[in-house]
Protein chains: 4
Amino acid sequence: MFSSQIRTDLALEAHETVQNAGKDSHSPIHGVEVQERYHKKSNTQITRVFITTKNGAKAIGKPMGRYITMEAPNMAEADEDYHREISKELAHQLHYMIPDLKKEKSILVVGLGNRDVTADALGPDVIDNLCITRHILQEYGKAAYNKEHIHSISSLAPGVMAKNGMETAEIIKGVIEQTRPDIMLVIDALAARNIRRLNTTIQLTDTGILPGSGVGNHRNALTRESLGIPVIAIGVPTVVDAATIVRSALDLLGSSAYVFDPDEPGVQKTFQELNNMYVTNKDIDETIKRLSFTISEALNIAFEIS
Amino acid sequence: MFSSQIRTDLALEAHETVQNAGKDSHSPIHGVEVQERYHKKSNTQITRVFITTKNGAKAIGKPMGRYITMEAPNMAEADEDYHREISKELAHQLHYMIPDLKKEKSILVVGLGNRDVTADALGPDVIDNLCITRHILQEYGKAAYNKEHIHSISSLAPGVMAKNGMETAEIIKGVIEQTRPDIMLVIDALAARNIRRLNTTIQLTDTGILPGSGVGNHRNALTRESLGIPVIAIGVPTVVDAATIVRSALDLLGSSAYVFDPDEPGVQKTFQELNNMYVTNKDIDETIKRLSFTISEALNIAFEIS
Amino acid sequence: MFSSQIRTDLALEAHETVQNAGKDSHSPIHGVEVQERYHKKSNTQITRVFITTKNGAKAIGKPMGRYITMEAPNMAEADEDYHREISKELAHQLHYMIPDLKKEKSILVVGLGNRDVTADALGPDVIDNLCITRHILQEYGKAAYNKEHIHSISSLAPGVMAKNGMETAEIIKGVIEQTRPDIMLVIDALAARNIRRLNTTIQLTDTGILPGSGVGNHRNALTRESLGIPVIAIGVPTVVDAATIVRSALDLLGSSAYVFDPDEPGVQKTFQELNNMYVTNKDIDETIKRLSFTISEALNIAFEIS
Amino acid sequence: MFSSQIRTDLALEAHETVQNAGKDSHSPIHGVEVQERYHKKSNTQITRVFITTKNGAKAIGKPMGRYITMEAPNMAEADEDYHREISKELAHQLHYMIPDLKKEKSILVVGLGNRDVTADALGPDVIDNLCITRHILQEYGKAAYNKEHIHSISSLAPGVMAKNGMETAEIIKGVIEQTRPDIMLVIDALAARNIRRLNTTIQLTDTGILPGSGVGNHRNALTRESLGIPVIAIGVPTVVDAATIVRSALDLLGSSAYVFDPDEPGVQKTFQELNNMYVTNKDIDETIKRLSFTISEALNIAFEIS
């Protein structure tokens, strides 16, 4: 199957792909529950996908857990008031995801990615706009804030392995052991399958981040299992693999009309050339700046610091 | 014809496309001369395309004039010595293009593009590394340099219309009228058809820059006709249009195997979505930094300032 | 006199210095009128200095014209609502300065300075946040805006002579001749005498910008005389010369207690070393970002575009 | 004493200050040894200060250990060949400082400082240009390099407490526990007393980094004691405190000629205003770029990776 090679970090897209591959595209998948809701104020479609069994996980190709997708078609545009609505709705969804945020927590926010590669800088950029409290609380106590309850917020932009020579997971494990947060949030730029989702979709999940296929023993995993604390991941697709876009276009243009063999050398060469290439919108630099602000605002709202 | 919609700024690619569309792909096109040469030291394929008649221009879809393409497959990599060789060869080709550079000239170098959009920042970045002499010569005369003959070099990064509210051509015309250079060089990031040419190809031409189809009366043209002085353009393809890459992949995957109608609504919608999207390599930020240095070094060598 | 060597771009400081040098520090200077007002909402002290005669200009060392200084001690801090108030008040003062802004005008906004030198990047950064309309009006007419009256706004960040090889004035003259604006606004980073004024003071003046001593024939002047249209300058002091700060400290620490000869070689050497050095606050990078946004917002409000 | 309040991170300056304060300015200080050497090729004055006893440490106000200062007056300028010479000499001094670099080591290089504050970005910028090997060695072993012996190099730019909410030392401790390097190098921007030393001096020391007065129990210390592995610090002064420059100027201008009381309110207020202000050269942005490259090249040479 061709489509199964299409890369997506979004559970929503993985779910769609599996459904479309089936004969009856709206038959439910065992072990997968889907809830849909439309939020008017932020013009946002909210889909919650719950993968509740191992079979469900296998079918979708994503680990068991909860996935919330916010689709906000206007998010790529420069409307400040609109972005404020998105931030509020995202804060609302974070309260749903993070266990017991009513009580004071110590929260580590990690921004993954390479700040020198525009489309990958989302994570580090979110960190730059975040309100941090841990060092103030450690130095002056709660008296420094005029509030009854205040979370201890710290953050980290660990960089990328090619620059550090270390796995991101090694750095994060070390920092968690030293600073003992209750919970970790991790922000990352994702790859989507569908260009319509570029910079218009936010995914929250309590499964953390599990690089690669989701099978086996991962020293690189950023999950509750590997780190010992709950890990909530927030991601926005900022790129589509160039190979994925060609495959999608072929599908859309009428898969019935052509037949070719993915193992044929000419076909393989064509896709190999697309390797290491990605598709992005022309004003990606401006878009990333805006998105990172929207997400850091959501975190500031969710943590009630402003 | 499908391929005719493929966008390229490279005369070499336009020429290839026309040839491939013909039955005998190596038959010459009237009014178009092609010379090829391999330069060993810089591992560079140099192709000179001369469009000598109006019919040739019409056939290729590019204005009459001289086009030199340097294809250097390793140019995207980080080898300093190799980049020095490319700079030298590009300087050599500039001496061929620029009339009578043995005599002292006053040269304006213009870097087109938006410095806040990574893939479009090539022009402004080249300007940043250039050795400028005009203000020194005006203040202190030739005595400031220990040289018999010295060009007067000035530069400008005019920005983009969306930020200035002015046509780039308006700004450049005004500056030329005030400072009266003998010749203008203009650096720009281009779009290619073939991803293999991304960041590996440099095009020089004495036709200047003529936005759009190349027909009619252009207030935006940067050409000898519109500016009154010779205009040499240097360009490097840094992006491929997303629609172009899908079209190219379809062609490669076997155009005989599928048949579809480009005017069909579904097909149109597919390509519309690709609008405003481009394909680029993952380390484009680093690549642009390197390329801009290679080109500014070439200019510094060509003008004998260092 | 020592203090007379202290460099300041602020008319207010020049006026203070002259007054302090006099025996009776509050005696009026002929040809100079001063009005003071406190604006509560923005916690801003507004001082208008009118230099009305040649003798007044000579006494102060600044050209004849109107100077408005807004002193906002909290402007260096990160309070968004407060900055909005400053923007509004600055917009109000701009309406006072710019002749007949009720009628539709064509306005060119120029951001002076080097965008690669943090403390000098104020001008180019203001340009980056400005709402530009000229190109839309030229392409689509007033129909593009749902407004009865709309100014035509264009902008330019001409860069600096060391990078361009051209006087900033040459570039601006050329652009004005091509695009024929009714009026020019020019934004620049200034040098102050007093570190308390760093990043807390905005100066508006209708005298434009006259580099150097203010005497003689200037090819570099950006004034109504040299450009043929009214020129309003907006400046914020972002640096204090290192030599100035030492002189000021000496003055403050009790000039009566020490006596030394400014022409003595040891003294000269001490001050020479301070040449090319400036004093700035530690978070200048963040401060410039905030100030440039406050000023561009003021312009957007004054021009009623948002 | 006035001068004793002058802040410097350089052992060389601290030593000078103590000597100048003594009656006989060239009498040796017990527990402090000084060796001087001039290196012709890089036009560099090299001074080694050894603080060998607790009394020596107390006298100088710096911890016991070895300090090497390279003074290269032309280092602030843009001469590529010259910078190569400095890199080589610095690599040579690193071999002297780092124990037994002939054997394969695992080395962690840490770049301290805030990459968004120009004068403080030296550390993170050095990291950006460093050749990293640890991840390659872990994945492919030594076979990936055509060398008999190869160090395992990793790096970290931990950011600053105001952004992370964590002590830099907490992050570093965690990373060291996870990745177990043999030795740590730490790069930081320093404050000097003398503006002539700005961007022209490199200090190496095996005492690590001990923020504050050098007395007592430090949770923030980056030293062999606190981290359990040897810590070599490399620093370049990029700023002078504004208060320090005024004090130095007063000293130079003839301390005998004036007398004032540092505890007097007027004097205190004058110096308070200078708080949080620093003096730097006008092209600091360009200078930091150059210096960071020179230092990362020195490390690449010292570790024999290129």
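Which one is modelled with the lowest pLDDT, of the residues in the range B:1-35 that are among the hydroxyl-bearing types (S, T, Y) and more than 21 Å from B:V236 (Cβ to Cβ)? Walk me through how you get there before you give the answer.
Filtering the range B:1-35 for residues among the hydroxyl-bearing types (S, T, Y) gives B:3-4, B:8, B:17, B:25, B:27.
From what is left, the residues that are more than 21 Å from B:V236 (Cβ to Cβ) are B:3-4, B:25, B:27.
Details: B:S3: 34, B:S4: 37, B:S25: 55, B:S27: 71.
Here the residue is B:S3.
Only residues that are in contact with a strand residue (DSSP E or B) (Cβ under 8 Å, 6 or more places away or on another chain) and either within 21 Å of A:V186 (Cβ to Cβ) or part of a helix (DSSP H, G or I) (or both) were counted across the range A:266-297, and they come to 6. C:R84 - would you say it is at pLDDT 95 or above, of a type in the set (K, R) and out of contact with any helix residue (DSSP H, G or I) (no Cβ under 6 Å at 6 or more places or on another chain)? No: the conditions fail for C:R84. Counting only residues that are in a loop (DSSP other than H, G, I, E, B) and either without any contact (Cβ under 8 Å) to a residue 40 or more places away in the chain or touching a strand residue (DSSP E or B) at 6+ places or on another chain (Cβ under 8 Å) (or both), the range D:114-129 holds 3 of them. The residue pairs whose first member lies in the range B:188-201 and is closer than 10 Å to B:E71 by Cα, whose second member is among the acidic types (D, E), and whose beta carbons are closer than 6 Å, counting only pairs six or more residues apart or on different chains, are B:T201/B:E71. Of all residues in the range C:28-83, those satisfying the criterion of being surrounded by fewer than 16 Cβ atoms within 10 Å (Cβ to Cβ) and of a type in the set (D, E) are C:E33, C:E36, C:E77, C:D79, C:E80, C:D81.
Looking only at the range D:66-93, count every residue that is in contact with a Lys or Arg (Cβ under 9 Å, 6 or more places away or on another chain) and assigned to a strand (DSSP E or B) and tell me the total. Qualifying residue count, the range D:66-93: 5. Scanning the range B:98-115 for residues that are more than 20 Å from the chain's Cα centre (by Cα) and over 28 Å from B:Q138 (Cβ atoms) turns up nothing. Of all the residues in the range C:94-113, those that are within 17 Å of C:V236 (Cα to Cα), of a type outside the set (G, A, S) and assigned to a loop (DSSP other than H, G, I, E, B) number 1.
Name the residue that is nearest to B:E177 (Cα to Cα), counting only residues in the range B:90-129 that are among the small types (G, A, S) and buried (at least 22 other Cβ atoms within 10 Å of the Cβ).
B:G111
Any residue at all in the range D:219-235 that's modelled with pLDDT under 80, touching a helix residue (DSSP H, G or I) at 6+ places or on another chain (Cβ under 9 Å) and over 24 Å from D:A21 (Cα atoms)?
Yes, some residue in the range D:219-235 is modelled with pLDDT under 80, touching a helix residue (DSSP H, G or I) at 6+ places or on another chain (Cβ under 9 Å) and over 24 Å from D:A21 (Cα atoms).
All told, A:S256 meets the bar of being among the polar types (S, T, N, Q), at pLDDT below 70 and assigned to a helix (DSSP H, G or I).
The combined condition, being away from chain C (no Cβ under 13 Å) and touching a residue at least 24 places away in the same chain (Cβ under 8 Å), is fulfilled by B:L101.
The values are calculated or read from the model by the stated rules, or taken from the named source; none is laboratory data. Just so it is clear, the model here is predicted, and its values are computed rather than measured. Every residue, glycine as well, gets a Cβ built from its backbone with ideal geometry; the counts of neighbours run over all protein chains shown.
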